[in-house]
Amino acid sequence: MSEAAPPNAPNNTVETPSASQKPKPKSKTQWKTIYKTARILAIIWLFKLGATAGLYGITRLVDVEKHTLDDSTRDSIRIASGGSFVRLRDGFTHYEIAGPESAPLVVLAAGASVPGYIWEPTFDSLRAEGFRVLRYDYYGRGWSDRPRIPLTQEVYVHQLAGLLDSLGVSEPITLAGLSYGGTVITSFAFMHPNMVAALVYVDPAIRTPRSVPWYIRLQPIGDLLLQ
């Protein structure tokens, strides 16, 4: 006669999963779907890489900057657009200023990719409202010089400070920054707080400075990646 197990005795029986509980291997249809998705993504990536390489080649074969920035070009720009130039520490800066001299000054700082003309509607509106308005091109953009130096925040802040000094501006101003211009006006306000009455940010892109990886600095890898 067998003895009954105590009610609290441990159960040492190992249960084996039934056939319905075992993980099912991926079917051929699932593997085909995964393969097709990966192939589509690879094709898209290769197409993007090819398009970028093509654009890079075009920019190397076709020089989109048709003019040399010399005195003759600057004179023609003055006549055609009414803009002005001033020679600062790191080169010539192209700018345009309008409005009553006694009115509050608003300085418009553009983004990284499009020079000062992007502010055209805002420039005209502020002038019509009676403000004095200043817009300018960063070094390396528009009609300003392309100095062969690292274009750091210190350089851009010094450019704006030098431009204001050349125009005899001594009263606090309103600074408006679009996209990357938000970084420029923030750096300017940090370095010249007594010159700033107000900051206006339009879709600002403010980033912490960081070093560029070594492989980005290689030619033509950097140009290809940053097209």
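Data table
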| read-out | value |
| --- | --- |
| Least to most buried among Ile173, Ile43, Ile185 (fewest other Cβ within 10 Å first) | Ile43, Ile173, Ile185 |
| Overall form of segment 69-111 per C-alpha gyration tensor (a/c, 1.5; a/b vs b/c) | prolate |
| Extension gain (nm, one decimal) between Phe47 and Ala98, 0.36 nm per residue minus Cα-Cα | 13.7 nm |
| Bins of 10 Å from zero: percent of alpha-carbon pairs in segment 71-212 | 12, 45, 36, 7, 0 |
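No value in this document is a laboratory result; all are computed from the given coordinates. Everything numeric here is computed off the predicted structure, so don't read it as measured data. Neighbour counts run over all protein chains shown; Cβ positions are idealised from the backbone, glycine included.
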